[in-house]
């Protein structure tokens, strides 16, 4: 049966979930967890919680799923050492640095691909497998048919089935970082999407706030499709939420009734949605938390406490009893894992009246109410007219339970060796990278939305231009640019991978050899087709180990995360060329559910979303690929800062700029002049950084 995987924001949350039936919990430490705002676990709390869970056969997955900077790699190593010693069952990982460190220091540690890796296709699973991962946490935006296509094979799949949904695809949201320097990729999201915003200026709607997901009625369908783990979101929520959601999910998976109304009371945003699973997007998926919702929750909490006042029965003990004259009493038991414990007591005495019977023995040994055990079968060999005290049977029961429980701690433990590998990354700065011949302004690479934008450029004036995966646009560009100066910028979310692979084959036949990998799956595709892979900024590459890993995987170069400070970029080590996003409106959100379409329909498209201050955020439509991107209201530009960046190339992102404007912007970069006539200009996060 598929597991029910519950969130554990703290030790009390883990206990509530486990006592309510969860088969596994996921948790984070004080650092490197994508829910930095949760209570999270100290070292001592972690050790106690792992023991508590493993005694009961419950798995513990540790989320080490934030983006990591070079100056944190030593601390990351200490974290991995602790998790190895503690014996967690697996790590949930986003950053390739964690993968690289595990490979070198603790290769026996099991890895799961976090949903922040944005894996949602077969090649995405292949990428996870290539990293040695055993499970992929799929993106929330998939329908049941797609989930079924990705499940049931060698790669386990984990699917979110209940809890909050971000408006943006996980791992692809920069909004909190850009607006307030609080990075979602670092676990510090301030949730600006939950604030009022509208597709019309002056509106008072919540155009970026989705309802919570709940697909519990479909758990048996998901299990039949081959899904390994049913994941509940909510490490920021209360223990009562953890308890009730685990209880309801377990019941749903068993085909039993559950109190859906109470579940909605505990936490929802105007109800639940199953839109993505059914492939039904639109306004019905949007909602917000109201005062009435909070009131309902307060009234619901007391009803839930009964769920985790007592142990959930998790193990059956089969008892074997021998009571013979002139022999010491022997009572033993085994659990479902064949763990064995035996109690040897006193020699029984002759009964004056009421001799011991099978019924007496079963009654006393079955008194397991305060434990997670229940009685299974009884095999008894009892002599006639013999007596054993009730207290001795009670001692036998307690002794056996304690012994098997201690054995279960060891049996379910996943302690692995950690070998320090001398990863002195902090001193491996860019002095390892060749410095000779670097121009004041590095080579310029362009990402454009159409071939028309580059027709006024001299091909020799740029390093490369990436166009969307559109054969018509590529043919147009090839009329003025040689194929070696062109590449394909891959769609950021994929619903038909085979179609895109076929289009790439046709592009390759035209002489196109370079692809900008906006998803890890594209690295696998590039290798299959013999194309050159270039890692885009959306892969969230922020440290030297991740760069080295991308090089091992076949990438020719990588664009650094836009959430890094300039000094962090300049300090990157390794030999893989590093690019910097130097111009453009940064994509703040990758949306599968278009807020404009949901609010007013495509025919009334406003092209923008307005926040509560009236600031406008353009929405870039990639409808043919099934998604839109909400762009920053300000234009990023560092054309006059070239001397401060140790970049091997600049990446320039163009949206609706005319051919003339594109040419003009290139000129200001060549001359290191500031950008003018573009409205508000920002330096992004290169100088202020993120938390």
List the strands (runs of 3 or more DSSP E) that sit entirely inside region 598-691 and contain at least 3 residues that are under 25 Å from residue 189 (Cα atoms). 608-611, 616-622, 627-631, 635-637
Filtering region 626-640 down to residues that are under 27 Å from the mean Cα position of the chain (by Cα) and either closer than 23 Å to residue 580 by Cα or surrounded by 18 or more Cβ atoms within 10 Å (Cβ to Cβ) (or both) yields 627, 628, 629, 630, 631, 632
Would you point out which residue out of 85, 141, 156, 103 is more than 14 Å from the chain's Cα centre (by Cα) and closer than 28 Å to residue 211 by Cα? 156
Unique residue being surrounded by fewer than 21 Cβ atoms within 10 Å (Cβ to Cβ), within 28 Å of the chain's Cα centre (by Cα) and touching a residue at least 40 places away in the same chain (Cβ under 8 Å) when the list is 553, 572, 590: 553
Given (1) crowded, with 23+ Cβ neighbours inside 10 Å; (2) over 20 Å from the mean Cα position of the chain (by Cα); (3) not in a helix (DSSP H, G or I), index of the condition residue 1 fails: (1)
How many residues does region 19-63 hold that are within 15 Å of residue 88 (Cβ to Cβ), within 15 Å of the chain's Cα centre (by Cα) and not in a strand (DSSP E or B)? 3
Number of the condition not met by residue 453 [criteria: (1) in contact with a helix residue (DSSP H, G or I) (Cβ under 6 Å, 6 or more places away or on another chain); (2) without any contact (Cβ under 8 Å) to a residue 40 or more places away in the chain]: (2)
Number of positions in region 264-284 that are buried (at least 19 other Cβ atoms within 10 Å of the Cβ), part of a helix (DSSP H, G or I) and modelled with pLDDT of 95 or more: 3
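In this structure, does residue 544 turn out to be modelled with pLDDT under 95 and either within 22 Å of the chain's Cα centre (by Cα) or surrounded by fewer than 22 Cβ atoms within 10 Å (Cβ to Cβ) (or both)?
Spelling it out, it is not the case that residue 544 is modelled with pLDDT under 95 and either within 22 Å of the chain's Cα centre (by Cα) or surrounded by fewer than 22 Cβ atoms within 10 Å (Cβ to Cβ) (or both).
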Which of the residues that make up region 74-99 are surrounded by fewer than 24 Cβ atoms within 10 Å (Cβ to Cβ) and over 26 Å from residue 11 (Cβ atoms)? 74, 99
Give the number of residues within region 315-337 that are buried (at least 20 other Cβ atoms within 10 Å of the Cβ) and either farther than 19 Å from residue 392 by Cα or out of contact with any strand residue (DSSP E or B) (no Cβ under 8 Å at 6 or more places or on another chain) (or both). 2
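The values are calculated or read from the model by the stated rules, or taken from the named source; none is laboratory data. Keep in mind that this is a model prediction, so the values were computed, not measured. Methodologically, a virtual Cβ is constructed for each residue, glycine included, from the backbone with ideal geometry; neighbour enumeration extends over all protein chains shown.
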